[in-house]
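S.K.: Can you keep this structure in mind? I'll have questions shortly.
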Amino acid sequence: MPNLWFETVAIAQLRAKKRLPKSVYGALVAGSERGQTIDDNTAAFTELGFAPHVAGLSAKRDLSTTVMGQEISMPVLISPTGVQAVHPDGEVAVARAAAARGIGMGLSSFASKPVEEVAAANPKTFFQMYWVGTREDMQARMERARKAGAVGIIVTLDWSFSHGRDWGSPTIPDKIDVKTAMRFAPEVLRHPRWLAGFLKAGLPDLSVPNMVDRGQTGPTFFGAYGQWMQSAPPSWEELAWLRQQWDGPFMLKGVMRVDDALRAVDAGVSAISVSNHGGNNLDGTPASIRALPAVAEAVGSQIDVVLDGGIRRGSDVVKAVALGARAVMIGRASLWGLAANGQAGVENVLDILRSGIDSALLGLGRSSIHELSRDDLLIPDGFERRLGIGSSAR
Ligand SMILES: Cc1cc2nc3c(=O)[nH]c(=O)nc-3n(C[C@H](O)[C@H](O)[C@H](O)COP(=O)(O)O)c2cc1C
């Protein structure tokens, strides 16, 4: 039996690359256009340094915090991602891992597992929605999530339907039938361990069960995507309406500008995620960590400001918290872990992050993540991007 434990997220990614069929791996890498944003999301963290102390360090460090009303053991949440064919247990495995490590999880409305199963595995589940279909459709999705026990809503509005990639997009089938299985056989047979997992559990049907009422058959991912493309993007007033439909924590994900953050507060949200969708969107958007400080300064005292994009190690989490984030969300890091070793792989990723956060706190002489500040960081001139300051709000 090979040792499936890994010591860094980078190694989990290498394992995922080896284990997954090329097109599934390519779907996780994602990115858009020339990859400027996806690259900057990780590169920006390498520009930030630390200013450590040498003595008087704290023997005990407290990593726990609260976000969107939930107590979590460290400032990390799982970001919602459409997981699909990475692992047969999909989001349920991720939910179990997150629960085992005391953190919450965002569940994509394009996920492969029903919200009822995921919320049962992790009571700190936030249901993520896009603006798809009619107001009644969206109310019904929220109602289903509420009944399932979801503790909050994440609304993601930053998707810009950018489809080209200079490194080529993977071919993803709409559904898996005999004809498709034959077409993908040469690629899939080269990954026997991944295939064996699915043969035991049943091949993925690539449908999205949370887009319809419980018990109904969900559309395929591409079916739902088509409906999304035909839905006009919402106004700020419509966002405020959606917010009123949910009595509890409500996050707007994808905010990059100060003026948008202020309008989100006006619309009544209780949290935002400073995010560029992991670089999968409008290429040329700067790294989210560069936009974080200005947004956190503007609205951090009123709502929870979360960051996602480019988090690959515990020290990245510490940098984000020092720049004003209440917590971070991780996308690809958890997907690499899931692909590499299922639930245990996601737990492995979370353990790496926890130990990295703890190690950075020790070096910085901090006893709690709440003590972190800009003073702990080396921030090069010109690092920040203060977007939407002084411009007239639309
Ligand atoms: C394969 C993939 C699928 C994603 N699907 C969703 C989704 O369904 N909903 C959503 O709000 N964000 C989605 N995202 C964006 C993530 O929630 C998150 O913003 C991003 O992955 C953070 O960057 P990171 O991967 O560098 O951590 C997806 C990202 C990836 C890589």
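S.K.: Listing Trp167, Trp131, Trp194 from the residue with the fewest other Cβ atoms within 10 Å to the one with the most, what is the order?
M.R.: Taking fewest neighbouring Cβ atoms as first place, the list is Trp167, Trp131, Trp194.
S.K.: What's the ranking of 363-369, 230-236 by average number of surrounding C-beta atoms within 10 Å, highest first?
M.R.: Packing order, densest peptide first, comes out as 363-369, 230-236.
S.K.: What full-extension length gain, to one decimal in nm, is calculated for Ala240 and Lys22 as 0.36 nm per residue of separation minus the Cα-Cα distance?
M.R.: Result: 74.4 nm gained on full extension.
S.K.: Related question: Give me the lysines in straight-line cross-link reach of Lys175: C-alpha distance below 24 Å, same-chain residues under 8 apart excluded.
M.R.: Lys17, Lys18, Lys22, Lys113, Lys200
S.K.: Along region 272-283, what does the Karplus equation 6.51 cos²θ - 1.76 cosθ + 1.60 (θ = phi - 60°) give for ³J(HN,Hα), rounded to whole Hz, x for Gly and Pro?
M.R.: Each residue's phi maps through the Karplus curve to give 10, 10, 6, 7, 10, 6, x, x, 9, 10, 7, 5 Hz.
S.K.: For the chain, what does the helix formula give at 222 nm: sum of -39500 (n - 2.57) over DSSP H segments with n ≥ 4, over the residue count, nearest 500 deg cm²/dmol?
M.R.: Result for the chain, helices only: -13000 deg cm²/dmol.
S.K.: Still on this model: What residues have an amide H closer than 5 Å to that of Ser368, excluding those fewer than 5 places away on the same chain, when H is modeled at 1.01 Å from N in the peptide plane?
M.R.: Answer set, sorted by chain and number: Asp62.
S.K.: Most exposed first by the Cβ proxy, i.e. fewest other Cβ within 10 Å, how do His277, His191, His163 rank?
M.R.: His163, His191, His277
S.K.: How big is the dipole moment of region 66-215 about its Cα centre under a simple scheme where the beta carbon of each Lys and Arg is +1, that of each Asp and Glu is -1, and everything else is neutral? Debye, nearest 20, please.
M.R.: Roughly 320 debye, rounded to the nearest 20.
S.K.: So if I place +1 on the C-beta of Lys and Arg and -1 on the C-beta of Asp and Glu, and nothing else carries charge, what would the dipole magnitude of the chain be about its Cα centre? I want it in debye, nearest 20.
M.R.: Working: 41 positive and 40 negative charges, 211 e Å.
Value, rounded to 20: 1020 debye.
S.K.: Relative contact order of region 43-135: what whole-number percent is it, with Cα pairs under 8 angstrom and at least 6 residues apart?
M.R.: Contact order relative to length: 23 percent.
S.K.: Can you tell me what share of the DSSP beta bridges in region 184-324 is antiparallel? A percent to the nearest 5 is fine. Write out the running numbers ahead of the final one.
M.R.: Details: 1 of 10 bridges.
Rounded to the nearest five, the antiparallel share is 10 percent.
S.K.: Sort Met129, Met251 by Cβ crowding within 10 Å, fewest neighbours at the top.
M.R.: Met129, Met251
S.K.: While we're here: Quick one: compute the contact order of region 1-97, relative version, from alpha carbon pairs under 8 angstrom and 6+ residues apart, as a percent.
M.R.: Computed value for region 1-97: 15 percent relative contact order.
S.K.: Where a Cα-Cα gap under 17 Å defines reach, which aspartates and glutamates qualify for Lys179, not counting those fewer than 8 residues away within the same chain?
M.R.: Candidates past the 8-residue exclusion: Glu187, Asp205.
S.K.: Given Cα pairs under 8 Å that are at least 6 residues apart, what percent is the relative contact order of the chain?
M.R.: 28 percent.
S.K.: Something else about it: Where the centroid of each part is defined by its Cα atoms, how far is region 218-295 from region 100-144 in Å?
M.R.: Cα centroid of region 218-295 versus Cα centroid of region 100-144: 16 Å apart.
S.K.: When DSSP beta bridges are limited to those with both residues in the chain, what percentage is antiparallel, rounded to the nearest 5? Don't jump to the answer; show the numbers that get you there.
M.R.: Numbers: 6 of 35 bridges.
Around 15 percent antiparallel, to the nearest 5.
S.K.: If you build a Gaussian network model of the chain, linking Cα atoms that sit under 10 Å apart, which residue out of Ser64, Ser270, Ser334 swings the most?
M.R.: With Cα springs under 10 Å in the chain, the top fluctuation among Ser64, Ser270, Ser334 is at Ser64.
S.K.: Something else about it: Give me the aspartates and glutamates in straight-line cross-link reach of Lys319: C-alpha distance below 14 Å, same-chain residues under 8 apart excluded.
M.R.: Glu47, Asp308, Asp358, Glu371, Asp375, Asp376, Glu384
Bear in mind that the values in this text are calculations on the coordinates, not laboratory data. In this text, all values refer to a predicted model and were calculated from it rather than measured experimentally. Here the Cβ is made from the backbone with ideal geometry for all residues, glycine too, and neighbour counts use every protein chain on show.
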